[in-house]
Structure formats: C-alpha cells, structure tokens
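The values are calculated or read from the model by the stated rules, or taken from the named source; none is laboratory data. Everything quoted here is computed from the prediction, not taken from an experiment. When we count neighbours, we look across all protein chains shown, and the Cβ atoms used for this are built from the backbone with ideal geometry, even at glycine.
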Amino acid sequence: MDQEKQRRLRALPAVHEVISRLEYDAEFSPFLTNERQLPRLTQCVRQVLQKARENVNRKFMDSFDEFESSLWSGLKSQLLQELERPRTSLRQVINATGVVLHTNCGRALLAPEVARSVAEQAARYSNLELNIETGERGSRYVHVEALLCHLTGAEAAMVVNNNAAAVLLMMNTFAQGKEVIVSRGELVEVGGSFRIPEVLKAGGAKLVEVGTTNKTWLRDYEAAIGTETALFLKVHTSNYRVEGFTHFVSGAELVELGEKRGLPVMEDLGSGSFFDGISLGFPMEPTIQQIVKAGLSLVTFSGDKLLGGPQAGIIVGKRPFIERLRTNQLTRALRVDKLTLAALEGTLRLYEDGGIEDIPVWRMLSLPLETLKLAASQLVAALQQNPSLVVELKEDVSQVGGGAWPTVDLPTWVCAIRPKQGSVTELEKFLRLGSVAILTRIHKDWVLIDVRTLLSGDVEDIIRRLAEWVSKPSDVAFG
Ligand SMILES: *Cc1c(COP(=O)(O)O)cnc(C)c1O
C-alpha cells in the first residue's frame, strides 16, 4: 500500500511542469494572457496538487494505470474549476432549502430594482446628509422617515444598524440606571446570542421580571412599578410560541396602565410585518401598523426579516421619544450607511406603490402550490435524464425562517434525489462544494431541492452541477 502511495505521489507533476504544459492549452489562455494573473494561477495549481496529494492518502478505487491515464485531465478540470471559482470570500449560493429568511444565507433578498439602485448609489456621490434646497447639512434619516411614518402611521421614525442595536439604544436612552418591567414569558433568546436580559444589561437597565412563563396579568405589571421604573417593555416571542394555558397583556392594555402611571411602553417586535399573513393562511399576527396604533411610545423591528429589506433596525413611535434617541451619542456608533438607506428607501417605496409580489420575501411566501409543483416537476423531469440519480417528486414543507411564524409549515413540492452510487451526505456535499454552492436539505435518505427559494438561473446551475456527478471517479481521485 505504502509503495503504491509513493508511486502515485511521484507521478504527480511539479507546479512549474503543470504551468508550462498549460501554456499550450487553449482552455487556459484566458488565465495566462497577462503577467498579473500568473501568481493566482500558480496558487491554484499548488492547491489542486495539494488536494491530489491528500487524496493519494485515501483508499484507491482504481489501478495505477487508470490513475495515471486520468491524472492530467483530472488535474485540468480541477484547476479550471478552481480558476472559475469566485475569488471573493462572500459569494453567491443557491438556496434550495426552502427556508425563505435563511439567516446563514443573508436573510431577506432585495427586489432586483432595489438592488440596482443600491449599486448606483454605491458608486456615486449623493445627498446623504445634504439638504439640496438650502445647500446646508441635512440628516441621513430624512430619506426614509416620511415613508416609514406613512406606512406605519407613526409620528416619527429612525433607523440603526440592526434590531439588536435598536433595542440597545432604546434601553440605553430611556432606562440607563433604571428598571424595565418585562413579562417572564417574553425573555427571548434569538439565534446568534441576542438575549433580552443581556441586552438590557448592556444598555445599563435593570430587568424586573413579572408574571410566569405562561401567564402574565396587568396586575403583575402594576405591582412591579416602583420609584426606579423607567418603562414597560414588550418583546415578540419570535422563534417560539407559548401555547395552551396562557395569558399575556396586550400593548394597548399596557399603554392604558402606562398613561395612568406616567410610564412609556416600548416593544421589540422582532420581525414585524406590514401584512398580517391571514390571506396566506398564517396564524394571526398583529401588523406593525396595528401595534403603532395601540399607542406605544416606541416600536422596533428588523429591516431584513419579514419586511424584506436590508439589515437594519427600524424604530418608529412618538416624536419626543425619537428625538431623544437621536441625541444619544450611541446613535452615531449604531448608524446606518448610505447603502442600507438606499435599500430601505427602495423597499419601502415598493410597499407604498404596490402589492406584496414586488417584495421577494413575500413573493416566495405566497407562491401558489400549483406553481411550486410545476417548477418541481420540471426539475424532476430534467434530472431523470441523469442515469446516476434516482429522482422523485415529493410533497414537503418550507419554512419562513428568521424567527418569524416558527410553527408554520408552508406546504411545498420538492425534487428529491438520491445517488445510485454513493451516499446522500456525499451528494449533499458535492452540491455544496461546486463552483456555485448549492444548499440543500437531507431528509429520510433523500437530498431535497425545494423550488420555493430558487431564483432564475438556479435550476440550470443545479442541472449542470448534477450532470458532473457522473464523472465521480475523477472526483474520488481529486476532489
Ligand atoms: C430577530 C430579533 C432581534 C434581532 O434583530 P436583528 O435585526 O437580527 O438584530 C431582536 N428581537 C427579536 C424579538 C427578534 O426576533
């Protein structure tokens, strides 16, 4: 075995040998036309050879002659793949998981026209903090404030880096060194270590828990009011549900109590949405407009969850409260950049002008089952041409993601595939490691491709990648 390994290692060419041989190969001429590309080419050749060396240490599936005769073509195809791979660390992936707000994949997608306007703003000067009429310095928040007020019904609005920052800023501004009353059923932890008790602490506020996990009454809030109380905070339970024998106090009830006792009520709405989702068959959730109407002093929500815009923390509410947030020094540290503002303004204008189908998140959430079935069966038909795969059309469920509607299973249709040789975990990995990463889900010995979250062009990329699954032998040697 060791001898065989040595023999194979010796058969691998040196870096300079590969490069000089490539000079006669038309396929590689785009990568050899100028001097500046040489270091990159050399680096890729090193990588591919390193991989080949590591693979020699695995079990051999072929004879030495087979190894040697496929060596050059294997190296070449690996090298081409390496050279064509996007060079940035942050790159596109195909989300075939059916999770619409996939946190690992960047949550909400911007509408194409919004993305275009962001790209334009990015490369040009703008009136970010300029009042064009007077020629004087302006505020960056004016570009979205009127729109946010119009859409939510609030008196005033501002935007920070994300919703976590919004809650932190709110606590720091209104409750530093004071007490904040929160129901025990709302002490949320969302993914990525955002925990309400910790955020309050970071903002300098003292948490006063009231009620129990499943039941909190207005009298619990009332009994907790003391000389140090700064405000009542409500928190959306986002990624979990307290169901069964429960009771929670609504924002409106708290506002009534707050008015009597001179205390503001604020709410971290988490995802927050302009639509209640009932038309899509989702469980009833109050909209942002309804929450604002209940008279809360401040309401915060994310820009890149159900709103379907860029990462941002949106704060809407009563003008004097927003004014005080603006003068907090932390606001400067948490402020949004021009690209976020361009994306948010564009997204909000889509809400103002049109229906939900213009917002990619909502378009994906509201795709009719027949459309999904048709798309999935077309993919199934195309992939059934591939003799290395077993392919079936199956019913399954997609997820909203992003901590929104955690208990909702969206019925969908998936293209289920299984390799005739090799395992589903290998196939999943093979899809993930192509020049375009394709993210799928494994369920009951099938790799599932959920068409709900696919974009135009994705299907072609998936078919192309799976066609390479046939050429598995060379991948065993090199990949
Ligand atoms: C998601 C969420 C947050 C954090 O929002 P980001 O925009 O990710 O910072 C805070 N609170 C609740 C209730 C959430 O659901």
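Part of a loop (DSSP other than H, G, I, E, B) and closer than 18 Å to residue 362 by Cβ: does that describe residue 306?
Yes.
Within segment 184-299, considering only strands (runs of 3 or more DSSP E) that don't extend past its boundaries, which have at least 1 residues that are within 16 Å of the ligand (Cβ to nearest atom), in the same structural domain as residue 312 (by TED's automatic domain parsing) and not aliphatic (A, V, I, L, M)?
The strands (runs of 3 or more DSSP E) meeting that bar are 229-235, 265-268.
Being surrounded by fewer than 17 Cβ atoms within 10 Å (Cβ to Cβ) and within 26 Å of residue 345 (Cα to Cα) narrows it down to one residue among 166, 156, 146; which is it?
Values: 166 fails: surrounded by fewer than 17 Cβ atoms within 10 Å (Cβ to Cβ); 156 fails: surrounded by fewer than 17 Cβ atoms within 10 Å (Cβ to Cβ).
Going through 166, 156, 146 in turn, just one is surrounded by fewer than 17 Cβ atoms within 10 Å (Cβ to Cβ) and within 26 Å of residue 345 (Cα to Cα): 146.
Return the pair list, or none, for Cβ contacts closer than 6 Å from residues in segment 312-330 that are in contact (Cβ under 8 Å) with a residue 40 or more places away in the chain and farther than 20 Å from residue 271 by Cα to residues that are away from the ligand (no atom under 16 Å from the Cβ) and assigned to a helix (DSSP H, G or I), at least 6 apart or on different chains.
324/173; 325/173; 328/173
Collect the residues in segment 400-445 that are within 16 Å of the ligand (Cβ to nearest atom) and among the polar types (S, T, N, Q), keeping them in residue-number order.
407
Quick one: in segment 6-45, of everything that is surrounded by 13 or more Cβ atoms within 10 Å (Cβ to Cβ) and basic (Lys, Arg), which residue is farthest from the chain's Cα centre (by Cα)?
Filtering first and then ranking leaves 7.
Answer yes if at least one residue in segment 331-346 is outside any helix (DSSP H, G or I), buried (at least 24 other Cβ atoms within 10 Å of the Cβ) and within 14 Å of the ligand (Cβ to nearest atom), and no otherwise.
yes
Each row is one residue, and each column tells you yes or no for (1) touching a His at 6+ places or on another chain (Cβ under 8 Å); (2) more than 30 Å from residue 446 (Cβ to Cβ); (3) hydrophobic (A, V, I, L, M, F, W, C).
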{"site": "4", "(1), (2), (3)": "no, yes, no"}
{"site": "26", "(1), (2), (3)": "no, yes, yes"}
{"site": "37", "(1), (2), (3)": "no, yes, no"}
{"site": "67", "(1), (2), (3)": "no, yes, yes"}
{"site": "83", "(1), (2), (3)": "no, yes, yes"}
{"site": "99", "(1), (2), (3)": "no, no, yes"}
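So if I check each of 383, 372, 431, 427, which one is at pLDDT 95 or above, more than 27 Å from the chain's Cα centre (by Cα) and surrounded by 20 or more Cβ atoms within 10 Å (Cβ to Cβ)?
Numbers: 372 fails: more than 27 Å from the chain's Cα centre (by Cα); 431 fails: more than 27 Å from the chain's Cα centre (by Cα); 427 fails: more than 27 Å from the chain's Cα centre (by Cα).
When all the criteria are applied, what remains is 383.
One line per residue, one yes/no per condition, for (1) within 16 Å of the ligand (Cβ to nearest atom); (2) out of contact with any helix residue (DSSP H, G or I) (no Cβ under 7 Å at 6 or more places or on another chain); (3) in a helix (DSSP H, G or I):
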| site | (1), (2), (3) |
| --- | --- |
| 326 | no, yes, yes |
| 382 | no, no, yes |
| 385 | no, yes, no |
| 398 | no, no, no |
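What is the residue count in segment 270-290 for residues that are surrounded by fewer than 16 Cβ atoms within 10 Å (Cβ to Cβ) and among the acidic types (Asp, Glu)?
Selection size over segment 270-290: 1.
Residue under question is residue 311, and the condition is that it be among the polar types (S, T, N, Q), closer than 30 Å to residue 459 by Cα and in the same structural domain as residue 240 (by TED's automatic domain parsing); does it hold?
Taking the combined requirement at face value, the residue satisfies it.
Test residue 114 against the stated conditions and say whether it is at pLDDT 90 or above, under 21 Å from the mean Cα position of the chain (by Cα) and either more than 30 Å from residue 402 (Cα to Cα) or surrounded by 12 or more Cβ atoms within 10 Å (Cβ to Cβ) (or both).
yes
Please find, among 113, 179, the residue that is out of contact with any Ser or Thr (no Cβ under 6 Å at 6 or more places or on another chain), more than 16 Å from the ligand (Cβ to nearest atom) and either touching a residue at least 40 places away in the same chain (Cβ under 8 Å) or outside the structural domain of residue 432 (by TED's automatic domain parsing) (or both).
When all the criteria are applied, what remains is 113.
Which condition from (1) within 18 Å of residue 101 (Cα to Cα); (2) over 24 Å from the mean Cα position of the chain (by Cα) is the one that residue 406 breaks?
Condition (2) is where residue 406 drops out.
Would you check if residue 43 is in a helix (DSSP H, G or I), without any contact (Cβ under 8 Å) to a residue 24 or more places away in the chain, polar (S, T, N, Q) and in contact with a helix residue (DSSP H, G or I) (Cβ under 8 Å, 6 or more places away or on another chain)?
Judged against the criteria, residue 43 is not a match.
Could you check how many residues of segment 156-172 are within 8 Å of the ligand (Cβ to nearest atom) and of a type in the set (A, V, I, L, M, F, W, C)?
Matching residues across segment 156-172 total 4.
Would you check if there is a residue in segment 50-71 being surrounded by 18 or more Cβ atoms within 10 Å (Cβ to Cβ) and of a type in the set (S, T, N, Q)?
Checking segment 50-71: not a single residue is surrounded by 18 or more Cβ atoms within 10 Å (Cβ to Cβ) and of a type in the set (S, T, N, Q).
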